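Student: Can you keep this structure in mind? I'll have questions shortly.
The values are calculated or read from the model by the stated rules, or taken from the named source; none is laboratory data. Predicted model, so just to flag it, every value in this text is computed and none were measured. As a convention, Cβ positions derive from the backbone with ideal geometry for all residues, glycine included, and neighbour counts pool all protein chains shown. Calculation scope for accessible area: heavy atoms of the full protein, side chains included, ligands and nucleic acids excluded. Shrake-Rupley method; radii C 1.70, N 1.55, O 1.52, S 1.80 Å.
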Amino acid sequence: MASHVSKVRSLYKRILLLHRFMPIHLRALGDQYVKDEFRKHKTASHEEVKRFVAEWEVYKDTLQTQILESVDRKKLVFGADLSEEKLKGFQDEQIGQLYELMLESTKPSRQFDIQEEDMPK
């Protein structure tokens, strides 16, 4: 049990670390989403936790690859398309969350009014 908790905590911290490479508005949105999701799954069943961790491992690996590839391109590109097959496996609540996340990440006036430290206010 202790090694499982350690593995999940390590995954959580790694994702938050990778978010530091994202634009500030995406970082704030991503950090909050990750914190909420990990908190929600503290009491999930063993099977749900296995799927949850597997999906977040894929996210971590994808984000890490995108960050490393962006060094060569000198341009950050984030995101990935979801296949129709993958979407069919989602529960209604997950589709709703995905939709809300899409709306929040694409709206012109962000929920978060965060500025980089070196930018004038």
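Student: Hey, what's the chain come to in accessible area per residue, 1.4 Å probe, Å²?
Tutor: Spelled out: the 1.4 Å probe surface of the chain, per residue, equals 78 Å².
Student: May I ask you to compute the full-extension gain from K42 to E69, defined as 0.36 nm times their residue separation minus their alpha-carbon distance, rounded to one decimal in nm?
Tutor: 6.4 nm
Student: Moving to a separate point now. Which shape class, rounded, prolate or oblate, goes with the chain when its Cα gyration tensor gives a ≥ b ≥ c as root eigenvalues, a/c under 1.5 marks rounded, and past that a/b bigger than b/c marks prolate?
Tutor: Judged from the Cα gyration tensor, the chain comes out prolate (a/c at least 1.5, a/b above b/c).
Student: Additional query: Set the Förster radius R0 to 25 Å, insert the Cβ-Cβ distance between F90 and K13 as r into 1/(1 + (r/R0)^6), and round the FRET efficiency to 0.05.
Tutor: The pair F90/K13 has a calculated efficiency of 0.40.
Student: Next question. Just from its helices, what would the mean residue ellipticity at 222 nm be for the chain, if runs of 4 or more DSSP H residues each count -39500 (n - 2.57) and the sum is divided by every residue, rounded to the nearest 500 deg cm²/dmol?
Tutor: Calculated from helices alone, the mean residue ellipticity at 222 nm is -23000 deg cm²/dmol.
Student: Follow-up question, since we're still on this one. If packing is taken as the average count of other Cβ atoms within 10 Å, what order do 51-59, 21-29 fall into, highest mean first?
Tutor: Ranked from most to least packed, the peptides come out as 21-29, 51-59.
Student: Now, a different point. Under the rule a/c < 1.5 gives rounded, and otherwise a/b versus b/c splits prolate from oblate, where does the range 32-75 land using the Cα gyration tensor?
Tutor: The shape class here is oblate.
Student: Turning to a different aspect of this structure: Show which lysines lie in cross-link reach of K7 when reach means a straight Cα distance below 27 angstrom and same-chain residues fewer than eight apart are skipped.
Tutor: Reachable lysines: K35, K40, K42, K50, K60, K86.
Student: Please report the carbon-and-sulfur percent of the accessible area for the range 1-60; probe 1.4 Å, protein heavy atoms only, DNA, RNA and ligands left out.
Tutor: Carbon-and-sulfur percentage of accessible area, whole number: 56.
Student: While we're on this one: Please label the shape of the range 36-103 as rounded, prolate or oblate, based on the square roots a ≥ b ≥ c of the eigenvalues of the alpha-carbon gyration tensor (a/c under 1.5 means rounded; beyond that, a/b larger than b/c means prolate, else oblate).
Tutor: In terms of gyration-tensor shape, prolate.
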